[in-house]
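Here is the structure we will look at, set down as structure tokens.
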Amino acid sequence: MGDSGNSSDSDFSLIDDDGPLPTHMEEDPLSDNSVESAEPTTQTMQPVSSTPLASSVPDLTMPFPPELIQLNSALDANPYQYQLHVDRIQLLEQLGLTDQLEVAFQSMHNVLGMSEDLWNRWINHRLVDYQANWNPQHILDLYWAAVTDYLSIPLWIDFVQFAVQAHRDRILPGTKLQAILSAAVRHTRCHYTQGYAVFNAVRESHTAALKTATGEVQQAAVLQILNELYLQYVATPSSNLDTIFADYSTFVTSHFQGESYESMMVSANKPFANAKTRCRRREPFEAQISQGPADPLVYRRYIFALRKDSSPDVVNEIATLYERNLVTHFSSPDLWQSYINHAATTGDSAALVQLCARAIRNCPWSGSLWASYLRALEASKADEARVATVFNQSLAYHRIAPNIDELVVILQERLAGAYRAYQQVPPLDKQASLRAIYSDGQKVLNDFCQSFDPYARLDRAMAHIELEVFHHPEGGFRIWQSVVDRCPTSASLWLSYLEASARHDSHETTRKRYQQALLQTLDWPEQVFDSLLEFERLHGTLSSYQNALDRVCQLRVANQMRAQKVVEQTHQVQVSQESRQERKRQKDRDNKKKRRERARQIRLDEGTGTKRKYPPDSLSDAADSDDSSDDEGADGPKHAPGANPADDLTTVTSEGPLGSPPSAKKRREVCHGQSTLPSKDPAESLPPGATPMKDILAHAHESRIVLVGNLSPALRESDIRDWLKDCGPIKHVNLVRDLEGTLKGYGYVEFIAADAAQQSVDTKQNQSLDGRPITIRLDAAHDRDNNTVYVCNFPANMTQDELQTLFAPAGDIKQVRIPATRPGKARCFAYIEYMTPQEAQRAVEMLNGRQLEMVNRTLSVAISDPQRRNRPERPVVPKRHDPRVLFVGNVAPAATSDELRQLFEPYGTLRDVRLPVGYQGDQFKGYCFVEFEKATAAQQAIQAVDQYQFHGLPLSVGVADPEHTGNGSLVGQPKPAVPQPTEAPTDRIVDSPTVRMTNFAKPIVIGDIRDLFSQFGEVKRVHVNKGGSKVFIDFQTVEEASKAIAQLNDTFVKGRRVKVHPTAPPHPNPEPSKPKTMNPSGPAIPASSAVTPFTAPSFGLSVNWEIGWLFVNSVKSSPANWVPIISL
């Protein structure tokens, strides 16, 4: 950067002869006419060209490669294509065309926002270009445009270092350097994590100036600047606040003595303590941001929390948060609009205009941002020429990519601005100007979109101005008439027209317009009916009101008849379609049956070598046609007398569909002598290119998905991939887990090719993985919806919008569905459909297992598998004990996973610490699981921690029993004997869709119980018995009831271990029960033997010896109310 050999460090000074500058600058620090400038002028923001839509084509006086010419032509047609700008810049850099490269950078900056990398490339290009003819002002202008485009700490540091070097080379005056340093502090001081870096750069420059200052006046001035710099940062919340305060103490100790030192430190302590308090409020939000690309909701909550702060710097802090958010989400119009609304509250109109200019360069498609830009120009008292220029810029973009909704917003704002100007000074020529703006807007809509606004927003506004402001009813009603002519079926537009007519025209004319409206086929006629009756009730006579009432009644009857006719026609169409589809399905079933029979016979013939003559009607030609049939009939072609039936021998070739015979045309060719009789060997009888039927059938059931069973709970998806990678490329691995995240012992693996899936079955069957023999087989029925994810375990009050916001970072969402059991009652699971399978998989990777804020719940996200509930039950694989996993019981509710980890870590390396919670997510179960890397460490932990007092409770530690994990059992401990009711013992096959729950927490809340059981299927009814001790839940199917019993029995719900068993549904008025079959002699009778019932005469005593329990059954009781009284 220039020759600095003629200057020395002694020449470096930030202080001019006139004394130091204040540290808070308010204007562009680079402008020549003022050294106290905060924001760049238009010339500074656009160093090369001040025209916002300058030509994007470089000088074409010299020949260019065809690629460059194509890029220039494409950008001429549409200069808003970001990637084409980047490609052109890269191509010009490769060609070394420096002049054209400068124009390319500038043309992109005029219409679009640029990344930090592009700004650095532009600055480096100028540094190389201007070294021969040194002019640092061009570099400084470019740096200022870069750092004000969006917040970039590295660019600010480079800017400060370049300015300091330019000042040392006696090129940049000290006043301008001081203004640049002050602007750097002002723009970056409130950055919580990176502001300290700019502070260091500015402090080093001031410290260097202090070392070379000559005279006490200059030294005192630099010390004053450094002291003010320190005090600014000491009072600002920062992650390096303690370091800054320690440096300030060292600075004061080195340069101030005695009373000055004490007074300065005392004055700094109060803002430092206040800043520390504010830091503690910001740390949770900063921790979330530091974990990765932050969710915009995190910044939104962060800003909402800062608004409650009363500090004077909170406005700058909020602006800095918006800038940090825009670095990642620069293409969000809503974020820009929120930032603009915040900037409008500060009252700085110039800064607001520049912010709007930045917003429309990043989101030029947003009509609301262009409208905000026009309002900002109006607030800054900009002249009409500049407003018209910005308005034309907005039209220039929407001429390329028209959007009627965004365009109408811009036209509305243009008309509203002109109307506000008319209200201030209403000369007559302003009326003509307003009408011209309206007519131009209508022309723009017709030219750009070739359509009209269905809501007539611009027409409504102009009609209101004509009627209410100009008092020109003729013009207003002319506009309204054109609106209803364009949209004759819109009831809302007719109502607005009729309401204006009632206020500004005669009643008779209004009645005629009502009659005109009633002749139309309206989308909501009842609104117009009610409006007509209200009008006649207020302004008409009794006769006119009665006539209107009769007319409305007639029209309502006519509308009902028309609606009924539409319903009937729709029903007829549906019936016709269903009938046609059923005929087609039946025909397909018949054809499949015939093909299977033919294939079976062919296989038999191939095995025996027998030649068989098949009748021509064994298969129809339906496989080659749709619902329509050939003229030959459904039974196939008829043979002419004397035809050789051997010519009809069917040969299955690769030309036809799977298992289908040749078409009628092919068979006619065979009948004309174009085929030969098959030989004794079936393989020889096939023509060239033909495929034997057995090979075709063998490939018919190929599947790319395999079911992997008997998996260890410790396995993960990566382990399965590594184990099966030698079979072929794998597309997806899905290990099925329960609500607590524990592996259920099986999963699904989808290969890219079907051959790889078959190879995995052939080579990996019964091979050992993690000490277990693995079962693997093809699973052709497993059909997943790869675009949709299944989400569960979220709060019941979570809405579809909140779910969409949570899952939006993974990709474009097509729809969000939360199934409901009844109107207004949603289930606690949802389906989220993305546009592509890659986005759905990204959502699983980002959000599966994510801990939701404010609630103690972990999201469960997986690719949707709609065939899972229809698939037959898989064989249950016996679980084995893992000596590395410990069950820890009697854990206090206040215990945390970190405390438990600290308790067990001294005995060996831990793999995981799991604290299961109840389904509601707010109740700790009272036990946990601790998994070690080695079994020896687990044994040492058992010996040391068992019966250890932890939070006032003795812990119970032992090896976990996987067979009774839900009950919290240890290996070697018997499962508690729980008497089972005879009508539904738990070991019996569930044959009823009704389950019974007991031992639950009270009071009973039906809605909570319904939410608890709705995760397993649709709940038809929830019924509580008379005593309130039992709750019966009716499902739609037995399978759903079985799932509920398997998942919820012996689990903790609201602090109680509930029991869930199958049972028959309760009846309000049960019939007298029949006595149970029993053996009065005592011994149990086999199930196949006849059992004679025995009933005690006085009590209705019924004994079931097969179960081993004695029950008392009164005549009026039902089996659901039997109680055990003694165990035999």
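Across the stretch 405-421, computed HN-Hα scalar couplings (Karplus, 6.51 cos²θ - 1.76 cosθ + 1.60, θ = phi - 60°) run 5, 5, 5, 5, 4, 5, 5, 4, 5, 5, 5, 5, x, 5, 5, 5, 5 Hz from first to last residue, x flagging Gly and Pro.
Near Arg850, the amide H atoms lying under 5 Å from its own belong to Leu859; only residues 5 or more places off or on other chains count, and H is placed 1.01 Å from N. Remark: Val469, Val791 ranked as Val469, Val791, counting other beta-carbon atoms within 10 Å and listing the fewest first.
Neighbour counts of C-beta atoms inside 10 Å place Asp523, Asp313 in the sequence Asp523, Asp313, starting with the fewest. Residues Phe199, Phe929, ranked from the fewest to the most other C-beta atoms within 10 Å, line up as Phe929, Phe199.
Within the set of other residues whose C-beta is less than 14 Å from the C-beta of Ala937, count the net charge using Lys and Arg as +1 and Asp and Glu as -1.
Numbers: positive: Arg884, Arg901, Arg911, Lys934; negative: Asp882, Glu905, Asp912, Glu931, Glu933.
Neighbour charge sum, excluding Ala937 itself: -1.
Along the stretch 755-769 the Karplus relation, 6.51 cos²θ - 1.76 cosθ + 1.60 evaluated at θ = phi - 60°, assigns HN-Hα couplings of 4, 5, 5, 5, 5, 5, 5, 6, 9, 9, 4, 6, 6, 8, 9 Hz to successive residues, with x for each Gly and Pro. Put simply, the amide H of Thr994, placed in the peptide plane, has neighbours under 5 Å in Phe1035, Thr1063, leaving out anything fewer than 5 places away on its chain.
Near the amide H of Gly540, within less than 5 Å, lie no amide hydrogens of residues on another chain or at least 5 residues away, with H placed in the peptide plane. Full extension of the segment from Lys725 to Glu204, taken as 0.36 nm per residue of separation minus the current Cα-Cα distance, would add 181.9 nm. For the stretch 211-221, 3J(HN,Hα) computed residue by residue from phi via the Karplus equation (6.51, -1.76, 1.60; θ = phi - 60°) reads 5, 9, 5, 10, x, 5, 5, 5, 5, 5, 5 Hz, glycine and proline entered as x.
A short reminder: the numbers here are calculations on the coordinates, not readings from a lab. Since the structure is predicted, the reported quantities are computational estimates derived from the model, not experimental observations. Methodologically, a virtual Cβ is constructed for each residue, glycine included, from the backbone with ideal geometry; neighbour enumeration extends over all protein chains shown.
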